[in-house]
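What follows is calculated from the coordinates using simple rules that are stated; it is not laboratory data. Because the structure is predicted, anything quoted here is derived from the model rather than measured. Cβ placement follows ideal geometry from the backbone for every residue including glycine, while neighbour counts extend to all protein chains displayed.
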Amino acid sequence: MPHFLVESPHTEEDCNKVVKLTLAIGYLTHFHWGCKAGDHRGWAMIEADNEKEALLSVPTIIRNKSHAIEIIQFDPREVQSW
């Protein structure tokens, strides 16, 4: 299954609400947060079939600002053959 790096930016004013909504939809422990450092974004590695499905890990109030980027790991043998 593909892996996605999900980034969910939000404002300082929305921070508590976003974190609580992330808990409510069951993804709080998937995310790492920069909020206490003043960077109001969350990041998670999510397995999903596609970008749209990966974004379901983000509360609807910020989903349109969020990004899901499909990520891969390179196989060392593949890289050596380049």
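Structural remarks
- Close pairs from region 49-76: first without any contact (Cβ under 8 Å) to a residue 60 or more places away in the chain, partner aromatic (F, W, Y), Cβ under 6 Å, at least 6 apart: A54/F4; S57/Y27
- Selected residue (criterion: farthest from P59 (Cα to Cα)) from residues of region 30-46 that are part of a helix (DSSP H, G or I) and in contact with a strand residue (DSSP E or B) (Cβ under 9 Å, 6 or more places away or on another chain): C35
- Candidates in region 6-28 are the residues that are under 19 Å from E47 (Cα atoms) and outside any helix (DSSP H, G or I); of these, the one that is nearest to the chain's Cα centre (by Cα) is V6.
- Screening S8 against (1) surrounded by 12 or more Cβ atoms within 10 Å (Cβ to Cβ); (2) free of Cβ contacts under 8 Å to residues at least 40 places away in the same chain; (3) not hydrophobic (A, V, I, L, M, F, W, C) leaves a single unmet condition, (2).
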